[in-house]
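Every number here is computed from the coordinates shown, using simple stated rules; none is lab data. Here the structure is a predicted model, which means the values were calculated and not measured. Glycine gets a Cβ as well: all are built from the backbone with ideal geometry, and neighbour counts include every protein chain shown.
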Amino acid sequence: MQFFGGSAAAEMTPSPAAPPGTATGLAGNNANMLYIFNRNGVCLLYREWHRPLHTLDAQQDQKLMFGLLFSLRSFTAKMDPTSVDKGNLGVPLLPGQGCSFYSFRTNTYKLSFMESPSGIKLILVTHPKTGDLRDALRYMYNLYVEYVVKNPLYVPGSPIKYANRFILYAIR
Amino acid sequence: MAPVVPRSGDAVFANVERVNAELFTLTYGAIVRQLLTDLEEVEEVNKQLDQMGYNIGVRLIDEFLAKSNISRCVDFKETAEVIAKVGFKMFLGVTATVTNWDVEGTSCSLVLEDNPLVEFVELPDTCQGLYYCNILSGVIRGALEMVSMKTEVTWVRDMLHGDDAYELRVKLIKQVPEEYPYKDDE
């Protein structure tokens with residue numbers, strides 16, 4: 001796979017096609033939904049591949065998702081038994097303070113989460129038996145940089161419009 | 001997968017796509033020249049360069065984070081080191097040194113001995129107030145703002161003004177905590 005931004009991203013990041021622990025990786029129709037949020041809670045990108053049930057309208061759904069992640073991060077930092085620097089539950093964390101979770105699993109799905117220090121949040125909802133997707137998320141962050149941030153027509157903070165190419169790579 | 005924080009940007013620098021240094025220098029020179037023609041006031045050019053740098057920094061931070069594998073810096077001291085050793089190396093191909101910390105550890109100087117932007121540049125008498133590399137201070141300000149640090153970046157020494165090195169003063173004003181972006185009644 002060749003990027004126009006040089007081969008660095010491709011070399012640095014492992015191929016997302018086969019994360020360890022999965023038979024099919026992301027490719028085998030494993031992913032259900034993908035969300036990308038920025039630091040202000042704007043949903044930059046939402047895509048779904050397999051989601052038979054919609055209970056809320058899209059905006060409500062995205063807001064809830066962001067809220068869940070926001071609270072969960074604050075909660076995980078509070079519960080952290082290893083660190084002294086906790087902050088109070090509900091009190092906003094400074095960047096770098098506390099810890100961050102990277103996935104949770106229910107009996108029907110698994111949610112994988114990555115947040116960059118600049119506040120970009122990548123969320124992937126997949127089959128519950130999917131393995132560790134952190135490498136895949138990192139890879140997608142690299143794609144975001146190549147195709148979105150480096151696009152001069154893209155206004156930072158606005159939803160990603162011409163996402164087709166980005167998505168095509170992401171789900172491979 | 002705890003990413004190891006690189007202590008230098010050499011590895012990243014070797015991997016990213018680069019442009020010819022002279023082309024880069026001359027392009028930047030042409031931009032500054034054009035700004036001087038368009039805006040006429042040196043002060044306005046400084047402002048415009050800073051704004052351009054800010055807009056670059058806001059985007060550049062994501063590339064920096066993605067390529068360098070840096071997760072989070074513990075404090076501002078580490079941040080300054082990372083900018084000097086990794087950031088400058090990655091995007092400019094030079095490294096800076098961090099010195100002159102104040103007592104509270106909130107402001108420091110980044111000293112550049114070598115600056116690829118100013119090859120072939122001489123300031124004419126009419127432009128003595130021009131901070132030719134003001135774009136750099138904007139980049140740093142923009143990038144740090146995206147990782148929740150409000151900073152103030154000023155030039156202390158400038159080789160084009162006859163000093164022996166480039167010195168950028170970076171002052172941390174405050175760290176902005178993450179906030180819940182939605183209001184309740186929305």
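Determine ³J(HN,Hα), in whole Hz, for all residues of the stretch B:73-87 in sequence, where each value follows from phi through the Karplus function 6.51 cos²θ - 1.76 cosθ + 1.60 and θ = phi - 60°; x replaces Gly and Pro.
8, 5, 8, 5, 4, 5, 4, 4, 4, 5, 4, 5, 8, 9, x
Reachable lysines from A:LYS129, Cα under 20 Å, same-chain residues fewer than 8 places away excluded?
Correct list for A:LYS129: A:LYS110.
Can you figure out the FRET efficiency of B:LYS47 with A:ASP80, using R₀ = 45 Å and their beta-carbon distance, to the nearest 0.05?
After rounding to 0.05, the efficiency reads 0.55.
For chain B, report the % of Cα-Cα distances exceeding 21 Å.
53
Normalising by the residue count of chain B, find the relative contact order in percent from Cα pairs under 8 Å and 6+ residues apart.
Result for chain B is 25 percent.
Leaving out same-chain residues fewer than 8 places away, which lysines sit with a Cα under 24 Å from that of B:LYS89?
Correct list for B:LYS89: A:LYS150, B:LYS67, B:LYS77, B:LYS150, B:LYS171.
HN-Hα J couplings of the stretch A:128-143 from phi, Karplus 6.51/-1.76/1.60, θ = phi - 60°, integer Hz, Gly and Pro as x?
x, 8, 5, x, 5, 10, 5, 5, 5, 5, 4, 4, 5, 4, 4, 5
Can you tell me the FRET efficiency between A:VAL155 and B:LYS77 if r is taken as the Cβ-Cβ distance and R0 is 41 Å, rounded to the nearest 0.05?
Taking R0 as 41 Å, the efficiency between A:VAL155 and B:LYS77 is 0.75.
Scan the stretch B:1-99 for GluC sites (Glu not before Pro) in coil per DSSP, keeping those whose Cβ has at most 10 other Cβ atoms within 10 Å, and list them by number.
B:GLU17, B:GLU40
Once Lys and Arg get +1 and Asp and Glu get -1 on their Cβ, which of B:LEU65, B:MET159, B:CYS127 lies farthest toward the positive end of the dipole of the stretch B:19-175?
B:LEU65
Near B:ARG157, within a Cβ-to-Cβ distance under 10 Å, what is the net charge of the other residues, with Lys and Arg +1 and Asp and Glu -1?
Net charge in that neighbourhood comes out at -3.
In the stretch B:74-103, which chymotrypsin sites (Phe, Trp or Tyr not before Pro) are in a loop and have at most 15 other Cβ atoms within 10 Å, using DSSP for the loop call?
Counting only loop positions with at most 15 other Cβ atoms within 10 Å, the chymotrypsin sites (Phe, Trp or Tyr not before Pro) in the stretch B:74-103 are B:TRP101.
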